[in-house]
Amino acid sequence: MHPNLAFRQTPEARNIDFAREQGFGILAVGTDAAPLMSHIPFLLSDDGNMAEFHLVRSNPIVRRMSEPLQARLAVSGPHSCVSPDWYEVDDQVPTWNYIAVHLVGEIERRPQDEMHNLLDRQSAHFEDQLLPKPPWMTAKMTPEVLGRMMRQIVPCRMRVDEIHGTWKLNQNKPDEVRLRAADQVQSADMGVQADMLARQMRDLP
């Protein structure tokens, strides 16, 4: 998370909503060597206290889950380069604006008989966002094939103890300077979801 507190004043409820809506992040677990990391879709509870996901059985993180592990789930959002020229103010430097939320807590492997229910709930959550397409459901699969596939994945859960958010949107600049930069971020379209980032830069409280 960015050390400047100006970028870390977003209410926790907004950080939770953002992480839930994104629904995809990087799970990181520390080791004696480099951290282990996996890119995963997840479900986040309404209160933000629990994240559910599954991992492939052969994932190195799974092999370490004979007991609960401390982990961090990093959720990234829109981001863009910001040129100092866009501020129209002297003595500025290039920077990068972005939104990110980190969920920190303990992950554990869940009983295998929870896998089917988790897969159904994950599928329903993400398929709902693909409307008007008819949703995919596990019931569409041959039971034998579904059973073989589910044996290759394991259900997991994170107890979320901490939530940290960085919304770096030029809050440290005067309003007119920030709004000029927002216009240029949208026009340049350099990064990911530049339109969304520009809207967030304009809509600061």
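Looking at (1) exposed (fewer than 14 other Cβ atoms within 10 Å of the Cβ); (2) more than 19 Å from the chain's Cα centre (by Cα), find the lone condition where HIS39 falls short.
(2)
Select from the range 13-58 the residues that are charged (D, E, K, R) and farther than 19 Å from MET150 by Cα and list them in ascending order.
Listed by number, the residues that qualify are ARG14, ASP17, ARG20, GLU21, ASP32, ASP46, ASP47.
Could you grab me the full set of residues in the range 24-76 that are closer than 29 Å to GLU12 by Cβ and β-branched (Val, Ile, Thr)?
Listed by number, the residues that qualify are ILE26, VAL29, ILE40, ILE61, VAL75.
Report those helices (runs of 4 or more DSSP H) wholly inside the range 143-205 carrying at least 1 residues which are in contact with a helix residue (DSSP H, G or I) (Cβ under 9 Å, 6 or more places away or on another chain) and either under 20 Å from GLU12 (Cα atoms) or among the charged types (D, E, K, R) (or both).
175-188, 194-202
If I ask for residues that are buried (at least 18 other Cβ atoms within 10 Å of the Cβ) and either part of a strand (DSSP E or B) or modelled with pLDDT under 95 (or both), which ones from the range 14-27 would you list?
GLY25, LEU27, listed by residue number.
Considering each of HIS116, HIS125 in turn, give the residue that is closer than 30 Å to LEU169 by Cβ and either polar (S, T, N, Q) or not in a strand (DSSP E or B) (or both).
Exactly one of HIS116, HIS125 is closer than 30 Å to LEU169 by Cβ and either polar (S, T, N, Q) or not in a strand (DSSP E or B) (or both), namely HIS125.
Are there any pairs with C-beta distances below 9 angstrom linking a residue in the range 160-176 that is farther than 30 Å from GLU52 by Cα to a residue that is in a strand (DSSP E or B) and modelled with pLDDT of 95 or more, with the two at least 6 apart or on different chains, and if so which?
ASN170/VAL82; ASN170/THR95; ASN170/ASN97
Do the conditions hold for VAL101, that is, is it modelled with pLDDT of 95 or more, of a type in the set (Val, Ile, Thr), out of contact with any strand residue (DSSP E or B) (no Cβ under 9 Å at 6 or more places or on another chain) and not in a helix (DSSP H, G or I)?
no
Within the group VAL82, VAL93, which residue is free of Cβ contacts under 8 Å to residues at least 12 places away in the same chain and not charged (D, E, K, R)?
Sole residue among the options that is free of Cβ contacts under 8 Å to residues at least 12 places away in the same chain and not charged (D, E, K, R): VAL93.
The values are calculated or read from the model by the stated rules, or taken from the named source; none is laboratory data. Keep in mind the model is a prediction, meaning the values are calculated, not measured. Every residue, glycine as well, gets a Cβ built from its backbone with ideal geometry; the counts of neighbours run over all protein chains shown.
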